[in-house]
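The values are calculated or read from the model by the stated rules, or taken from the named source; none is laboratory data. The model shown is predicted, which means the values in this text are computed figures rather than measured ones. In this analysis, Cβ positions are derived from the backbone assuming ideal geometry, glycine residues included, and neighbour counts consider all displayed protein chains. Heads up: the accessible areas ignore ligands, DNA and RNA and are worked out on the full protein's heavy atoms, side chains in. Shrake-Rupley method; radii C 1.70, N 1.55, O 1.52, S 1.80 Å.
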Amino acid sequence: MAVAILLFPFVLGFFGLITWAAYRIFRPSAYTGPAAGTGGGKHVSVHVLVLGDIGRSPRMTYHALSIAKHGGKVNLIGYLESSPHPDVPSSPNITITKLPAAPRRPASVPFLLFAPLKVLYQVFHLTWLLAYGLEPAQWILVQNPPSIPTLAVARLVCSLRNSKLMIDWHNYGWTILAGTRGAEHPLVRLSKLYECYFGRLGHSHLTVTHAMARQLRDPPYSITQPMLCVHDRPAAIFQPIASASVREEVLRRVIPEKDLVPHLIDGSMRLIVSSTSWTQDEDFSILLDALTQYAAGPEASTPVLAVITGKGPQKMSYLLQIASLTRSGRLPNVRIETAFLPFADYAKILACADLGICLHMSSSGVDLPMKVVDMFGAGLPVAAYSGYESFSELVKEGESGRGFETAEELAGILANLLSKGGRAELETLRKGAIKEGSRRWDEEWDATVGQIMGFTS
């Protein structure tokens, strides 16, 4: 283990030397157009880099759509594991550049031996693509995390091709790694040093919260370059549904259990929706325990259908637990269905639901879950995990949603809001959610990123 940790930076350094040599031999063309932040419109070109699934990277997708809407040219770079936002393929100003799938670790290979090889694979493909495969751009806009190897590669390419690096900080990669390896693990420490160093090399920075911006100004990050907080806001696809006939059409088309639809339509059964990544960052056991407690209480006379969307590594384990609880009779009047919905259907089912559930637990304490923003855009009040610093930047307790930290607290919220006696409070929260979701992504983006890139003034 110690040898692998020590060799890791030397392997990257060796690859950096090879990259430098390749640059001297195959010198890439540099960007020679208007300076970044000037020109506007069709003169702006941006490589939007997502080292992840484009279809599950809404914020970076919205960046691309906003740039394209103002006439800029975008290369949206990432993996294509699920369908992207429907407006992306139809935009004449957006080109999707698919990254080759990263190698998967065989069970017999230790993580510390496999990780450097995977990083080298990604470094090679990203460097070649950004330095030689694509035309140079004014900006390279990078999502962080993941920070390894994107921050180093993107900064290198910016130096080679006269581009400007904009880092959009969603969270910190090292805190996510610490969640599985422990904060004192050597690889976590190395990741933190890497992220803090290369994070300082961006020309401009975006953050998802004011709390994150404050942290990044202080040690160990000590970022001095321009920085703006750009709160996540719902895209236009997320809208409340006021028409009963439209709601009925959506439910009949999207809900897999057709026999339950009439009960959802007449209100005798309540619909809750949760989107989860099925990872340790979102403890699904809290919702499962809360539903079990709800089913055991007198309030369970109000039946509930819980629709859980998303993909992730822990999904199968929880599906087995759900099946076991159902067979043992511990979920009377509670049905749990899982699905991975197309983007448009996901937006519509949020608008049809009675309550949204968010289980996001911030590894850094200063990021925010995009899914709550989407729920507000659809006019859906939320019950969300609240045990982190930046929670109040998104959810106003008692106005647009309710916060919880334990399964018992969530069970109490479900019992209160889903019962007949809780309808007035639920309606108050719904109005608050609609108000919170009224400021849209385009408005937020134009006032911040649009000005940096020269689209707006």
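What to note about this one:
- Considering the stretch 303-330, the residues that are in a loop (DSSP other than H, G, I, E, B) and either at pLDDT below 90 or under 20 Å from GLU282 (Cα atoms) (or both) include one that is most open to solvent (accessible area, probe 1.4 Å), namely PRO313.
- Test: ILE223 is in a loop (DSSP other than H, G, I, E, B), within 30 Å of GLN451 (Cα to Cα) and among the hydrophobic types (A, V, I, L, M, F, W, C): yes
- Of the residues examined, GLN225 is one that is touching a strand residue (DSSP E or B) at 6+ places or on another chain (Cβ under 7 Å), of a type outside the set (Lys, Arg) and open to solvent by 10 Å² or more (accessible area, probe 1.4 Å).
- Test: residue in the stretch 31-50 that is open to solvent by less than 20 Å² (accessible area, probe 1.4 Å), at pLDDT 95 or above and farther than 24 Å from ALA152 by Cβ: no
- The stretch 228-239, residues that are out of contact with any His (no Cβ under 9 Å at 6 or more places or on another chain) and open to solvent by 60 Å² or more (accessible area, probe 1.4 Å): ALA236, GLN239
- Top-ranked residue of the stretch 134-153 - restricted to ones that are small (Gly, Ala, Ser) and touching a helix residue (DSSP H, G or I) at 6+ places or on another chain (Cβ under 7 Å), ranked as farthest from THR448 (Cα to Cα): ALA152
- Subset of the stretch 262-287 (residues that are of a type in the set (A, V, I, L, M) and either surrounded by 19 or more Cβ atoms within 10 Å (Cβ to Cβ) or in contact with a Ser or Thr (Cβ under 6 Å, 6 or more places away or on another chain) (or both)): LEU264, MET269, LEU271, ILE272, VAL273, ILE286, LEU287
- Residue match in the stretch 151-168 (condition: surrounded by fewer than 20 Cβ atoms within 10 Å (Cβ to Cβ) and of a type in the set (Gly, Ala, Ser)): yes
- Pair list, Cβ under 6 Å, 6 or more apart: the stretch 45-60 residue within 17 Å of TRP441 (Cα to Cα), other residue open to solvent by 10 Å² or more (accessible area, probe 1.4 Å) and part of a strand (DSSP E or B): MET60/GLN143
- Verdict on THR406 being under 27 Å from LEU288 (Cβ atoms), surrounded by fewer than 17 Cβ atoms within 10 Å (Cβ to Cβ), out of contact with any His (no Cβ under 9 Å at 6 or more places or on another chain) and of a type in the set (S, T, N, Q): yes
- Consider the stretch 184-217 and keep the residues that are in a loop (DSSP other than H, G, I, E, B) and among the charged types (D, E, K, R). The one that is surrounded by the fewest Cβ atoms within 10 Å (Cβ to Cβ) is GLU184.
- In the stretch 417-427, the qualifying residues are those that are open to solvent by 20 Å² or more (accessible area, probe 1.4 Å) and in contact (Cβ under 8 Å) with a residue 12 or more places away in the chain, and the one that is farthest from ASN333 (Cα to Cα) is LYS420.
- Restricted to the stretch 76-180, the set of strands (runs of 3 or more DSSP E) holding at least 2 residues that are closer than 24 Å to PHE340 by Cβ comprises 94-98.
- ARG181 meets each of the listed conditions (1) open to solvent by 40 Å² or more (accessible area, probe 1.4 Å); (2) under 22 Å from the mean Cα position of the chain (by Cα); (3) touching a residue at least 12 places away in the same chain (Cβ under 8 Å) apart from (3).
- Screening LEU112, LEU156, LEU117 for residues that are touching a helix residue (DSSP H, G or I) at 6+ places or on another chain (Cβ under 6 Å), at pLDDT below 95 and closer than 23 Å to LEU190 by Cα leaves exactly one candidate, LEU112.
- Among residues of the stretch 373-400 being assigned to a helix (DSSP H, G or I) and touching a helix residue (DSSP H, G or I) at 6+ places or on another chain (Cβ under 9 Å), the one that is nearest to ASP289 (Cα to Cα) is MET375.
- Residue check, THR95 surrounded by 18 or more Cβ atoms within 10 Å (Cβ to Cβ), of a type in the set (Ser, Thr, Tyr) and over 28 Å from MET212 (Cβ atoms): no
- A single member of ASP259, ASP283, ASP266 is under 19 Å from ALA339 (Cα atoms), free of Cβ contacts under 8 Å to residues at least 60 places away in the same chain and of a type in the set (D, E, K, R), and it is ASP259.
- Residue within the stretch 364-383 that is among the charged types (D, E, K, R), in contact with a Gly (Cβ under 9 Å, 6 or more places away or on another chain) and open to solvent by 40 Å² or more (accessible area, probe 1.4 Å) present: no
Matching residues to (1) touching a residue at least 40 places away in the same chain (Cβ under 8 Å); (2) closer than 23 Å to GLY412 by Cα; (3) out of contact with any strand residue (DSSP E or B) (no Cβ under 7 Å at 6 or more places or on another chain):
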| site | (1), (2), (3) |
| --- | --- |
| PRO332 | no, yes, yes |
| ALA339 | yes, no, no |
| SER362 | yes, yes, yes |
| PRO369 | no, yes, no |
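- Selection within the stretch 365-408 - within 26 Å of GLY173 (Cα to Cα) and acidic (Asp, Glu): ASP367, ASP374, GLU389, GLU393, GLU405
- Filter result for LEU112 (over 26 Å from PRO58 (Cβ atoms) and either in contact with a Pro (Cβ under 7 Å, 6 or more places away or on another chain) or open to solvent by 30 Å² or more (accessible area, probe 1.4 Å) (or both)): no
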